[in-house]
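I have placed the structure first, in the form of structure tokens, so that the comments after it can refer back to it.
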Amino acid sequence: MLKFSSKISSQGSADSIGDFLGDQELVCWSIEKDCLGDEYLLCGYVSDEQVGRKEFAKIQSAFSDVGNAEIVTINPSDWEETYRKSAKLWKCEDLYWVPTFMKDKIEIPEDGVGIYVEPGMAFGSGSHETSQLCARALVMFKSLYKKTNDLMIKSCIDVGCGSGILGISALKLGLSHATFIDIDADAIRISQENALANGLFLDQMDFVTGDVKVSLLGRQADLLMANILSNVLIENADLLVNSVKPGGLLCVSGILKDEKFDVASEFTKFTKKRWESVIESSVDEGEWSLLAYFRG
């Protein structure tokens with residue numbers, strides 16, 4: 001395992017770079033603070049030096065105050081232990097996202113639903129604001145159908161599934177079927193492993209490797225969650241809108257606040273074109289936004 005590190009000139013720069021890392025899905029990179037020296041560092045943990053240099057060059061080209069990187073070899077177990085310690089329990093109403101190493105220490109209430117996630121995996125443990133925004137929308141979707149008792153016949157599609165945490169949460173909350181879609185074959189593999197580790201069954205799930213255009217074509221679900229880059233959302237807005245069943249909910253996230261207007265304009269255009277009626281809403285968390293569209 002290689003560690004790339006470069007000093008950041010100020011907290012403002014560190015915040016901007018942190019937003020960029022999330023927007024570009026550079027999941028092996030993060031901003032770390034040296035509490036003793038009060039310094040900010042851009043750090044990347046990669047197994048392939050060529051990949052690390054390519055990703056670092058992308059960051060450096062976007063931010064002129066990022067200097068050259070120091071590259072050192074580290075023990076992978078040391079990095080993973082540090083990363084695991086940063087993972088925390090997250091709760092939204094009756095939904096609990098619990099890091100696996102805390103499983104024996106956290107008692108889930110009888111009316112709660114526990115999702116156990118491995119924070120060492122490179123595809124997301126649910127700590128990012130965009131994942132948490134989608135989870136709030138998922139809980140909202142559950143509340144829409146809880147009184148009618150037909151949640152168990154509802155299906156969902158998790159586009160850009162990463163570790164599969166959103167699709168897994170949907171199944172654990174009572175939906176009948178989930179389709180996991182990601183362009184990365186490793187993400188699909190990890191999603192399947194994580195789903196089985198949470199006690200789910202393969203006949204409840206489909207796993208599809210490929211881009212949005214190919215993987216989503218011909219599919220529809222009652223709940224569609226797409227937590228991906230804004231430009232990909234805009235490019236596939238019509239297909240995403242057309243993949244939601246009547247009475248369903250479309251949630252799109254991975255959107256920076258200053259990109260929200262452009263993304264919303266595109267989705268509003270297609271929902272009004274494709275659906276008989278639509279109810280729109282949005283939620284912000286930090287620098288990120290989620291757009292939700294209920295199909296009447």
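A few points about this structure:
- Spacing of the two label points (7 Å from each Cα toward its C-beta) at residue 242 and residue 91, in nm: 4.4
- Label corresponding to semi-axes √(5λ) of the Cα gyration tensor in Å when calculated from the structure given, among [x] 30, 25, 18; [y] 33, 23, 17; [z] 26, 23, 20: [y]
- Residue 139 sits among other residues whose Cβ lies under 12 Å from its own Cβ, and their net charge, with Lys and Arg +1 and Asp and Glu -1, is +3.
- Size of charge dipole - the chain - debye, nearest 20, with Cβ of Lys, Arg +1 and Asp, Glu -1, no other charges: 940
- Chymotrypsin sites (Phe, Trp or Tyr not before Pro) restricted to DSSP loop in segment 194-261 with at most 11 other C-beta within 10 Å: 201
- Segment 171-263: C-alpha gyration tensor shape, a/c 1.5 cut-off, then a/b vs b/c: prolate
- When DSSP beta bridges are restricted to pairs lying wholly in the chain, around 60% turn out antiparallel.
- By definition, a body whose alpha carbon gyration tensor gives a ≥ b ≥ c is oblate when a/c is 1.5 or more and a/b is not larger than b/c, and segment 90-226 fits this oblate description.
- CD proxy at 222 nm, helix term only [per DSSP H run n ≥ 4: -39500 (n - 2.57); per residue of the chain; nearest 500]: -11000 deg cm²/dmol
- Residue exposure proxy: 205, 225, ordered by other Cβ atoms within 10 angstrom of their Cβ from fewest to most, comes out as 205, 225.
- Of the GluC sites (Glu not before Pro) in segment 216-282, those whose Cβ has at most 16 other Cβ within 10 Å and which sit in DSSP loop: 276
- In this structure, the residue pairs whose Cα-Cα separation is over 25 Å, taken from 91/142; 91/172; 103/154; 172/245; 7/260; 54/213, are 103/154; 7/260; 54/213.
- Taking other Cβ atoms within 10 Å as a rough exposure proxy, 272, 172 sort from fewest to most as 272, 172.
- Residue order, fewest to most beta carbons within 10 Å, for 179, 271, 209: 209, 179, 271
Computed from the coordinates by the stated procedures, all read-outs in this text should not be read as laboratory data. Computed from a predicted structure; not experimentally measured. In this analysis, Cβ positions are derived from the backbone assuming ideal geometry, glycine residues included, and neighbour counts consider all displayed protein chains.
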